[in-house]
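K.L.:
Dropping a structure here in structure tokens format, bear with me for questions.
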Amino acid sequence: MMANLFSIFDPSTNFFNLSLNWLSTFLGLMFMPYTFWLIPNRYSYLWNFIANKLHSEFKILIGNKFQGSTLIFISLFFFILFNNFLGLFPYIFTSTSHLNLTLSISLTFWLSFMIFGWLNNTKHMLAHLIPQGTPSILMPFMVLIETISNIIRPGTLAVRLTANMIAGHLLITLLSNMGNNISIYFIILLITLQILLLVLESAVAIIQSYVITVLSTLYSSEVN
């Protein structure tokens, strides 16, 4: 039962032993604003409005030291958002529910932040290991705790996104499997619950994209 339940997340579609499910990761390119090849419209104005709002917020978090670096995090937001939403459609593989993708993204960002910080701002990075006002006797323990918390950051980012995507999909799948064994009155209630869960999952898709992007931005601001 559990193997069949979790099989909805397995990349099983293949062509000459090449997994085709991961091609859904690039379907987000279809939702890019049309201003790249067409006249502006309301759709492109909407995405430009969202991008400008994100830019103004991320600029405050990062500061003015790295000009244009907000574009990286805005792109990350849209990439995760598109993949989260596409996973809500039938027969579309949810790439963000796999640690292969989420851990690759979080590790790439975390390693780049750490390498840049330790090579260019070594004193600043060392100062982050001991919070201000820490007693001398607790300094070794604080260094150990801060080091561990820093190391597990990419794992927590990846697991947070993966777990939220898996939880909603599993709940919807479990409820949908009950449709063959209940009466017509309960089916109406089940359909209502499924619609509400889809609305909730849509909100989770947006919230998780925003949370992952903001946390990545905060981690990058610590190396300045």
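K.L.:
Quick check for you: with a 1.4 Å probe and neighbouring chains kept, what is the accessible area per residue of the chain, in Å²?
P.N.:
Computed with neighbouring chains in place, this is 63 Å² per residue.
K.L.:
Residue by residue, what Karplus-based ³J(HN,Hα) values in Hz, rounded to whole numbers, does the range 152-159 have, using 6.51, -1.76 and 1.60 with θ = phi - 60° and x for Gly and Pro?
P.N.:
Computed from phi, the couplings for the range 152-159 are 7, 4, x, x, 5, 4, 5, 5 Hz.
K.L.:
Quick one: give the max-minus-min coordinate of the C-alpha atoms of the chain along each principal axis, largest first, in Å.
P.N.:
Result for the chain: principal-axis Cα extents of 68, 52, 41 Å.
K.L.:
Given the DSSP H assignment, sum -39500 (n - 2.57) over each helix run of at least 4 residues in the chain and divide by its residue total; what's the result at 222 nm in deg cm²/dmol, nearest 500?
P.N.:
-22500 deg cm²/dmol
K.L.:
A follow-up question, please. If I model a spin label as a point 7 Å beyond the Cα along the Cα-Cβ vector, how far apart are those points for ILE145 and GLN132 in nm?
P.N.:
1.9 nm
K.L.:
I've got another one for you. So, taking all protein chains as they sit and a 1.4 Å probe, how much accessible area belongs to THR156, in Å² rounded to tens?
P.N.:
60 Å²
K.L.:
Could you run the Karplus curve 6.51 cos²θ - 1.76 cosθ + 1.60 with θ = phi - 60° over the range 96-104 and give me ³J(HN,Hα) per residue in whole Hz, x for Gly and Pro?
P.N.:
Rounded to whole hertz, the list is 6, 8, 10, 5, 4, 7, 5, 5, 5.
K.L.:
Here is a further query. What stretch of the chain, leaving out the sites themselves, is the longest with no chymotrypsin sites (Phe, Trp or Tyr not before Pro) in a DSSP loop having at most 10 other Cβ atoms within 10 Å?
P.N.:
Counting at most 10 other Cβ atoms within 10 Å as exposed, the longest clean stretch of the chain is 92-224.
The values are calculated or read from the model by the stated rules, or taken from the named source; none is laboratory data. As the structure is a prediction and not an experimental result, all values here were calculated from the model. Note: ideal-geometry Cβ built from the backbone for every residue, glycine included; neighbour counts use all protein chains shown. Protein only, heavy atoms only, side chains kept; ligands, DNA and RNA dropped before computing areas. Shrake-Rupley method; radii C 1.70, N 1.55, O 1.52, S 1.80 Å.
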